[in-house]
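Q: Questions regarding the structure given below will be posed in turn.
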Amino acid sequence: PPFLPFALPEIGDDEIAEVVDALKSGWVTTGPKTKRFEGDFAAWLGDATRGEQLHCVAVNSATAGLHLALEALGIGPGDEVITTTHTFTATAEVVRYLGADVRLVDIDPATLNIDPAAVRAAITPRTKAILPVHYAGLAADMPALLAIAREHGLKVVEDAAHALPTTCGGQLVGTLDSDATVFSFYANKTITTGEGGMLVTRDAAVAQRARTMRLHGMNRDAFDRFTAKVPSWYYEVVAPGFKYNLTDIAAALGLHQLKKAHAFQQRRAAIAAAYDAAFADLPLVLPPQPAAGDRHAWHLYVLRLADDAGIGRDRFIERLFDAGIGCSVHYIPLHLHPYWRDRYALQPGQFPHSQHAYERMLSLPIYTRMSDDDVMRVAQAVRAALR
Ligand SMILES: *Cc1c(COP(=O)(O)O)cnc(C)c1O
């Protein structure tokens, strides 16, 4: 059988037709489709909750969105931002872009999400923000994190790269009481624009600053200037901004991906349930389930080998590759990477839960284009690899 990739996007005829429409329209960069995507995204989040006004700012990556959110919240040199060591480096690197410092903390071994008790213990007079990640698509303990933030006057920016659509206490991530939430539309995420992201906030000033800073710090973007009645050549530069705008070609994909987000999640949840059933009797720690009534986005399906599995993680992955199954590891914790390790003199013993999980974990394929036969093939390969 052919190699089964770890991840594949699902792009339909609707997306392709919309991209062709953008290409033929003559407007290929940020313009009408990006504006529509922002509006649709706000409605999609709002309709599912209280119909509130949310500001959605489309950007060319979640990394860009996280950078803009922290910048708009005034994070800078001398400040500290607390985040999890068990994440992708993008979560933390944006803090360093701003000259602030990262305080990495350990995870809760049950959920693999940032541990609120560890966050509380890491707070110093320099702490300005908490940056939780909804790991694998399971909501972090937001009630506890928001309570800590309120108590200490800290900002909260959610890295929701995995969390579309995830709920927490019945509310969609993106509508919680944090200062900003950032989604990723990277190629392997739950919906994709190739590259892209969305910054969501209730704070009009944060949204305004992010809109300005995503395009060179100019106070009017090209589309505004093109369509407005006042002279189209005039704008003012109010800050040394960035080049983080989403193109209409990418937004064209997002318009249709967003409509399918709930259907995509249902397929991913069905694959996760099939895996859970197939692995129930094996020496594996299965992924944590969401709280009753809540939704897991199932961006990742992360297995951990039990201590009596009789095989190491690296050998296990080799056997799956030999059986034609792509898999991955999420993540090599930040404290093990030379940059983070050396900058903050970090030791594995400071993060025992992340370290323990990392040494035993792997991520199996979970995506909508997998057939039921593909799912069974993966399940059988896992069983065979443990023999
Ligand atoms: C993918 C990812 C990002 C970065 O997203 P981009 O859109 O590629 O910039 C950030 N954080 C986490 C946890 C991710 O998985």
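The values are calculated or read from the model by the stated rules, or taken from the named source; none is laboratory data. Predicted model, so just to flag it, every value in this text is computed and none were measured. Ideal geometry is used to build each Cβ from the backbone, glycine not excepted, and the neighbour counts take in all protein chains shown. Side chains included, ligands, DNA and RNA excluded: accessible areas come from the protein's heavy atoms. Shrake-Rupley method; radii C 1.70, N 1.55, O 1.52, S 1.80 Å.
Q: Counting only residues that are farther than 20 Å from residue 312 by Cβ, crowded, with 16+ Cβ neighbours inside 10 Å and of a type in the set (A, V, I, L, M, F, W, C), which one in region 363-377 is farthest from the chain's Cα centre (by Cα)? Talk me through it step by step, then tell me what you get.
A: Of the residues in region 363-377, the ones farther than 20 Å from residue 312 by Cβ are 365-377.
From the residues that got through so far, the ones that are crowded, with 16+ Cβ neighbours inside 10 Å too are 365-368, 370, 374-375, 377.
Narrowing further to those that are of a type in the set (A, V, I, L, M, F, W, C): 366, 370, 375.
Values: 366: 16, 370: 21, 375: 24 Å.
That would be 375.
Q: Would you confirm whether any residue within region 275-293 is touching a Leu at 6+ places or on another chain (Cβ under 9 Å) and closer than 17 Å to residue 84 by Cβ?
A: Yes, because at least one residue in region 275-293 is touching a Leu at 6+ places or on another chain (Cβ under 9 Å) and closer than 17 Å to residue 84 by Cβ.
Q: Now for a different question. Considering only region 1-29, how many residues are over 30 Å from residue 376 (Cα atoms), among the charged types (D, E, K, R) and open to solvent by less than 60 Å² (accessible area, probe 1.4 Å)?
A: Result for region 1-29: 1.
The rows are residues; the columns are (1) touching a helix residue (DSSP H, G or I) at 6+ places or on another chain (Cβ under 6 Å); (2) open to solvent by 50 Å² or more (accessible area, probe 1.4 Å); (3) away from the ligand (no atom under 16 Å from the Cβ).
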site: 316; (1), (2), (3): yes, no, yes
site: 328; (1), (2), (3): no, no, no
site: 340; (1), (2), (3): yes, no, no
site: 343; (1), (2), (3): no, yes, yes
site: 348; (1), (2), (3): yes, yes, yes
site: 361; (1), (2), (3): no, no, no
site: 379; (1), (2), (3): yes, no, yes
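Q: Is one or more of the residues making up region 66-76 of a type in the set (A, V, I, L, M, F, W, C), in a loop (DSSP other than H, G, I, E, B), away from the ligand (no atom under 14 Å from the Cβ) and more than 19 Å from the chain's Cα centre (by Cα)?
A: From region 66-76, those of a type in the set (A, V, I, L, M, F, W, C) are 66, 68-70, 72-73, 75; that's our starting set.
So of that shortlist, the ones also in a loop (DSSP other than H, G, I, E, B) come out as 73, 75.
Among the residues that remain, those that are also away from the ligand (no atom under 14 Å from the Cβ) are: 73, 75.
Subsequent filtering for residues that are more than 19 Å from the chain's Cα centre (by Cα) retains 73, 75.
Within region 66-76, one or more residues are of a type in the set (A, V, I, L, M, F, W, C), in a loop (DSSP other than H, G, I, E, B), away from the ligand (no atom under 14 Å from the Cβ) and more than 19 Å from the chain's Cα centre (by Cα).
Q: Which of the residues belonging to region 161-176 are of a type in the set (Val, Ile, Thr) and either within 15 Å of the ligand (Cβ to nearest atom) or surrounded by 24 or more Cβ atoms within 10 Å (Cβ to Cβ) (or both)? Write out each step before concluding.
A: Here is the first cut: in region 161-176, the residues of a type in the set (Val, Ile, Thr) are 166-167, 173, 175.
The answer is 166, 173.
Q: OK, next. Evaluate the following for residue 163: is it touching a residue at least 40 places away in the same chain (Cβ under 8 Å), under 28 Å from residue 191 (Cβ atoms) and part of a loop (DSSP other than H, G, I, E, B)?
A: Numbers: touching a residue at least 40 places away in the same chain (Cβ under 8 Å): yes; under 28 Å from residue 191 (Cβ atoms): yes; part of a loop (DSSP other than H, G, I, E, B): yes.
Answer is yes for this residue.
Q: Restricting to region 30-60, name every residue that is open to solvent by 40 Å² or more (accessible area, probe 1.4 Å), out of contact with any Leu (no Cβ under 9 Å at 6 or more places or on another chain) and outside any helix (DSSP H, G or I).
A: 50, 51, 53
Q: Determine which single condition residue 54 fails, assuming it passes every other condition in (1) at pLDDT 95 or above; (2) under 19 Å from the mean Cα position of the chain (by Cα).
A: All conditions pass for residue 54, except number (1).
Q: OK, next. Looking only at residues that are of a type in the set (S, T, N, Q) and not in a loop (DSSP other than H, G, I, E, B) in region 321-351, which one is nearest to residue 88 (Cα to Cα)? Working first, answer last.
A: Taking region 321-351 first, the residues of a type in the set (S, T, N, Q) are 328, 347, 350.
Applying the additional criterion that residues be not in a loop (DSSP other than H, G, I, E, B) yields 328, 350.
Working: 328: 13, 350: 18 Å.
The residue in question is 328.
Q: Which members of region 71-92 meet the condition of being crowded, with 22+ Cβ neighbours inside 10 Å and either among the acidic types (Asp, Glu) or within 21 Å of residue 357 (Cα to Cα) (or both)? Don't jump to the end; show me each part of the working.
A: Within region 71-92, the first condition is being crowded, with 22+ Cβ neighbours inside 10 Å, and the residues that meet it are 72-73, 75, 81-87, 91-92.
Those that are crowded, with 22+ Cβ neighbours inside 10 Å and either among the acidic types (Asp, Glu) or within 21 Å of residue 357 (Cα to Cα) (or both): 82, 83, 84, 85, 86, 87, 91, 92.
Q: Right, something else. Could you say which residue among 130, 148 is at pLDDT 95 or above, farther than 29 Å from residue 264 by Cα and within 16 Å of the ligand (Cβ to nearest atom)? Spell out how you get there, then give the answer.
A: Numbers: 148 fails: within 16 Å of the ligand (Cβ to nearest atom).
Matching residue, one of 130, 148: 130.
Q: Considering region 177-209 alone, what residues qualify as being in a loop (DSSP other than H, G, I, E, B), surrounded by 22 or more Cβ atoms within 10 Å (Cβ to Cβ) and more than 14 Å from the ligand (Cβ to nearest atom)?
A: 178
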